[in-house]
Amino acid sequence: MPELPEVETTRRGIEPHIKGLRIEAVEIRNPRLRWPVPQNLSDSLAGRQILAVERRAKYLLFRTDGSQTMIVHLGMSGSLFILKDATAGRAPGPHDHLDWLFSGGTRLRLRDPRRFGAVLVTEGEPLAHYLLRHLGPEPLESGFTPDYLYEAARSRRVTIKQLIMDSRVVVGVGNIYASEALFLSGIRPGRACHRVSRPRFHVLRDAIVNVLQEAIGQGGTTLRDFVREDGRPGYFRQQLNVYGRSGLPCHVCGTQVRQRRIGQRSSFYCPICQQ
DNA sequence: ACGAAGCCCTGCAAGC
DNA sequence: TGCTTGCAGGGCTTCG
């Protein structure tokens, strides 16, 4: 579900509420996520203080004052929210699988209807964890350059949309923002990536960066499940040009937006604006 | 090494 | 109304 902007929105939302607090206990109501939540999660985290909540790709990294870092992935339908004061005693719903209880009564709750999310604990440097080790550059950091993308595209035989959604190439670009970035770049999603010209990678890199930054500024995109730490939705949905707009007029030229499946995923584009 | 496909799970919308 | 079918924002794993 959540792509990079939604995960970053979540990170920014929860970090100020739990930074510096100590974990007192973890309540696991349903351990059956993508992988079973470790039985000893509460034992291994109890007493630990949260030093920072960081993000790598779509993984949230909860750094502690011990050797452990907790890794949380929201999968397709996960959200984290903060309960405290008046809401602290709110009863969990059927998909509220985990609560972290902090010193002072703050509670962090994971809701994940589809249970594609994950909660794990790693020792030592979390970036060396096997799930994170092979990830490509962050799109909002300096390693993500047009030349880098061009070089990655030259040796591959996939469509441009599949290229930018490949986490070995660049992380955090999911199905929504891939379609949007390609619209803003004027590139058809089904174009073979090695047939995209070098100058167009400058446009594409900028479009990816811009659409992700804009979406973060709007608190992400809420289609169905995503809510922020306080329960509010993200407001980027109003800015979507093509995603989910099949048959509706292109905002630029009025032509009907088309939908087609590329690599198992729905892709949206304007047949006039994108070539 | 790369690329395609399968699979994990629930909820919802569309179609009959 | 009630059933069936397909589809959904991810990504690990397996297979070719």
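The values are calculated or read from the model by the stated rules, or taken from the named source; none is laboratory data. Keep in mind it's a predicted model, so treat the numbers as computed, not measured. When we count neighbours, we look across all protein chains shown, and the Cβ atoms used for this are built from the backbone with ideal geometry, even at glycine.
Please go through the stretch A:244-275 and pick out each residue that is within 16 Å of DNA strand B (Cβ to nearest atom), touching a residue at least 60 places away in the same chain (Cβ under 8 Å) and of a type in the set (Ser, Thr, Tyr). Matches in the stretch A:244-275: A:SER266, A:SER267. Of the set (1) more than 21 Å from A:PRO189 (Cα to Cα); (2) more than 16 Å from DNA strand B (Cβ to nearest atom); (3) in a loop (DSSP other than H, G, I, E, B); (4) not basic (Lys, Arg), all apply to A:LEU223 but (2).
Rundown of residues vs (1) within 16 Å of DNA strand C (Cβ to nearest atom); (2) outside the structural domain of A:VAL257 (by TED's automatic domain parsing); (3) under 23 Å from the mean Cα position of the chain (by Cα); (4) among the aliphatic types (A, V, I, L, M), yes/no style:
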| position | (1), (2), (3), (4) |
| --- | --- |
| A:LEU163 | yes, no, yes, yes |
| A:SER167 | yes, no, yes, no |
| A:VAL173 | yes, no, yes, yes |
| A:ARG191 | no, no, no, no |
| A:ARG195 | no, no, no, no |
| A:ARG198 | no, no, no, no |
| A:ARG205 | no, no, yes, no |
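Among the residues making up the stretch A:152-205, a single one is hydroxyl-bearing (Ser, Thr, Tyr), in contact (Cβ under 8 Å) with a residue 40 or more places away in the chain and in a loop (DSSP other than H, G, I, E, B): A:SER167.
Name every residue in the stretch A:77-91 that is buried (at least 17 other Cβ atoms within 10 Å of the Cβ) and out of contact with any His (no Cβ under 7 Å at 6 or more places or on another chain), in order of residue number.
Listed by number, the residues that qualify are A:SER77, A:GLY78, A:SER79, A:LEU80, A:PHE81, A:LEU83.
In the stretch A:244-267, the residue that is surrounded by the most Cβ atoms within 10 Å (Cβ to Cβ) out of those that are under 14 Å from A:ILE176 (Cα atoms) and touching a Leu at 6+ places or on another chain (Cβ under 9 Å) is A:SER267. Residues in the stretch A:231-252 that are under 22 Å from A:GLY13 (Cβ atoms) and touching a helix residue (DSSP H, G or I) at 6+ places or on another chain (Cβ under 7 Å) were compared, and the one that is farthest from DNA strand C (Cβ to nearest atom) is A:GLN239.
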